[in-house]
Amino acid sequence: MGKRVFKAETKQLLDLMINSIYTNREIFLRELISNASDAIDKLKFNSLTDPDLVGEDSGFEIRIEIDKENKTLTVSDNGIGMSYEEVVDNIGTIAKSGSKEFLEKLKNSDEKSAQELIGQFGVGFYSSFMVADKVKLKTRSALLDPSDGVAWESTGDGNYNIERSEVERRGTSITLYLKEDAVKEHGLLSQYVIEELVSKYSDYIRYPVKMEVETVHPEEKDENGKVVKEKETVLEDKILNSMKPIWHRDKSEVTDEEYNDFYRHAFHSYDEPVDIIHTKGEGTVEYTALIFIPGTIPFNFYSSHYERGLKLYSKQVFIMEKCKELVPEYLGFIRGIVDSPDFSLNISREILQHSSQLKIIGKNIEKKVLGALKYMLENDREKYVKFWKEFGRAVKAGIYSDFGSNKDKLQDLLLFESTHSDELTTLNEYIKRMPEGQKEIYYVAGKDKTFLKNIPQMENITDKGYEVLFFTDKIDEFASAVLVSYQEKPLKNISASDLDLESDEEKKEKEEKRKAIEEKSKSLLETLKDHLKDEVKEIRLSSRLKNSAVCLVSGSDGISLNMEQVLSESPMSDMPPPKASRILEINPDHKVFVKLNEIYSKSPDSEKLKDYAEVLYNQALLIEGIVPKDPAKFALQISELISDAPA
Ligand code: ADP
């Protein structure tokens, strides 16, 4: 009896706890409440075989008391309690494997990482010493008499005192004599701070966490407006936790309103989720997950400050706010909680990251969310479109993240604008509408649908009755570059140099015709190319134009003109952005081409040819939405042309 020395490793842990600058001290309360809740669980379990254990004191509760005068905070429970030997064993030693592992790690780490480690581990009862100079524990085992109670105290200096003591009520009460800074900086004597901490860390503890709080009762008036009771401030018990883990209730019993309430409360969001997934996993890993697909995108979603992740609980006790291992990056917008008994509270962040259970749960959640989205797409298009408008870009980014490994999972979920109608379309719907003979999926990429509709490259394709998708989001074309094809149909930019538009016969016929003209105009084309040698890689006759004189297409060997524009607007490095190779196509059936031939045959060295080549090239640039290098010169050339034109 009396003074005792902590076991060596316990002392080591205490020293660290006390001397480390610890940023997350507040978790001590979570640890004490969680121990209290476990103690009540144990009592309930034992009472199954021995009902007398509970007796009259059957209102299970955890109680917090603030004593401002003595600067103490007490957490008590009417759970199983401890015998003398149990206090020595449990509180004087570190028996838990989690804590042992923690110490092992500590031994091998430098000071800085030691601090990080302490932050990552919850270390149970001992965390009290982070906020308290002295801790007193009174306990009485439910199996023993009041006279068999135990009083234990320590200042965390390597010794503790223990003695038998009369303890009236079954269970354990732990009193923390708060450190100066715990009061001043952390406000641990403030009713409000404690309420917040309980609701943050222990909201779903199954037993009520009660505290006497000051409540203001407003004055009461009778029907004549006469005050019959003055306004008064009274001390009342308040339950600080909601106790209702909504995720552990049966789906069929939870109303939409309750889900939405929980969503708002737990994630401080004011939108209405578009979908809620409430699911259980059994088998290799046991877990319950409640996932929300938000209705609106978080304001900082695309900033580097945004943190993805789900809240992680173990048996209703909060472990972590944003566990990012549970959510693939491209689904970073989902919110929710996962509760799994397979995680110990004392598990470190580092171990957690590599936990195979976590990976399995993450994979299952990914599958569930993708399944829910697919279902929404097929059964509630309106809702899906709403979702898509908010998060479509994230899904598209998922196609090219992770080295394209997600594309099979995501390609069916994509929606695009198209020439077919004002509604968005999936690639599958596009394929179903493809007329016979169409071999590729066509798209046009640029900023704005209205101007893309009219670009010359469109003419021949829409004439054939082929549909064209509008890639108006910057990332569309990059995503499609990863997709390459869908249901074995290649995705093709209509401005690409190698479209496969015609049947083999048509192609042959056109090609022959083109070759014949090209042969005749060979030297003209060479002259024009010479005038534009710094701008284009090639000048050739076009088979895709109808009414327009020229258009630019990009070589099949590199990026497209649109990609070039996107990259130059948001450069990814200090390197100059890559350039698309430009091919200027001229419509051989257009009057412009006839005119060029006339001029060339009269005077192959005509200065006019140089001017016209430039004007045509700049025109083609403008059609693509690209400003000519020298707009003033271009304007002058056009004015000259008008002045020279016959009246
Ligand atoms: P852990 O809770 O991870 O086991 P702790 O250091 O917090 O580690 O507690 C050590 C042990 O002390 C517990 O396992 C439990 O047996 C006992 N204990 C702690 N708090 C209580 C309590 N309120 N009532 C009964 N036993 C307790």
Hand me the GluC sites (Glu not before Pro) from segment 172-236 located in a DSSP loop with no more than 16 other Cβ atoms within 10 Å, in residue order please.
Glu185, Glu219, Glu223, Glu230
Taking Cα pairs closer than 8 Å and at least 6 residues apart, the relative contact order of segment 429-539 in percent is 28 percent
Computing the accessible area with a 1.4 Å probe over protein heavy atoms, can you report the carbon and sulfur percentage for segment 416-493?
47 percent
Please label the shape of segment 504-644 as rounded, prolate or oblate, based on the square roots a ≥ b ≥ c of the eigenvalues of the alpha-carbon gyration tensor (a/c under 1.5 means rounded; beyond that, a/b larger than b/c means prolate, else oblate).
oblate
Per residue of segment 139-150, what does 6.51 cos²θ - 1.76 cosθ + 1.60 with θ = phi - 60° give for ³J(HN,Hα)? Whole Hz please, x for Gly and Pro, Karplus curve as stated.
8, 9, 5, 4, 7, 10, 7, x, 6, 9, x, 9
Antiparallel DSSP beta bridges within the chain, as percent of all bridges there, nearest 5
80 percent
Explain nothing, just the number: relative contact order of segment 504-644, from Cα pairs under 8 Å at least 6 residues apart, as a whole percent.
25 percent
Spherically averaged projected area in nm², based on the convex hull that wraps the Cα atoms of the chain
45.4 nm²
Relative to the first principal axis of the alpha-carbon coordinates of the chain, what is the inclination of helix 631-644, with its axis defined by its Cα atoms, in degrees from 0 to 90 and to the nearest 10?
30 degrees
On the full set of protein chains, 1.4 Å probe, figure out the accessible area of Tyr160 and give it in Å² to the nearest 10.
10 Å²
Any chance you could look up the accessible area of Tyr600 with a 1.4 Å probe, heavy atoms only, rounded to 10 Å²?
50 Å²
Amide hydrogen neighbours beyond the local backbone of Met320, cut-off 5 Å, H modeled
Leu312
So what's segment 246-390 giving for Cα Rg divided by 2.2 N^0.38 Å, two decimals?
1.02
Cβ-defined net charge surrounding His217, 10 Å radius [Lys, Arg +1; Asp, Glu -1]
-3
Over all Cα pairs of segment 416-537, how is the pair count split among 5 Å bins, expressed in % and running from 0 up to the last occupied bin?
2, 9, 17, 19, 18, 12, 11, 8, 3, 0
Can you give me the accessible area per residue for segment 416-493, using a 1.4 Å probe, in Å²?
44 Å²
Checking the a/c ratio against 1.5 first, then a/b against b/c, what shape does the Cα gyration tensor give for segment 163-211?
oblate
Residue-normalised accessible area of segment 119-244, expressed per residue, 1.4 Å probe, Å²:
50 Å²
Just to make sure I understand: if all protein chains stay in place, what is the order of Phe267, Phe403 by accessible area at 1.4 Å, largest first?
Phe403, Phe267
Segment Lys508-Asp342, length gained on full extension (0.36 nm per residue, minus Cα span):
53.0 nm
Probe 1.4 Å, all protein chains in place: accessible area of Asp222 in Å², nearest 10?
50 Å²
Degrees, to the nearest 10: 111-120 long Cα axis against longest axis of the chain:
80 degrees
With angles folded into 0 to 90 degrees, how steeply does helix 8-19 sit against the dominant principal axis of the chain? Use alpha carbons for both and round to 10.
60 degrees
Note on the chain: contact order normalised by length, alpha-carbon pairs under 8 Å, 6 or more apart, percent, works out to 8 percent
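The values are calculated or read from the model by the stated rules, or taken from the named source; none is laboratory data. Worth saying up front: this structure is predicted, and the values here are computed from it rather than measured. Note that we place each Cβ from the backbone using ideal geometry, even for glycine, and neighbour counts take in every protein chain shown. Just so you know, the surface numbers come from the protein's heavy atoms only, side chains and all, with ligands and any DNA or RNA stripped out. Shrake-Rupley method; radii C 1.70, N 1.55, O 1.52, S 1.80 Å.
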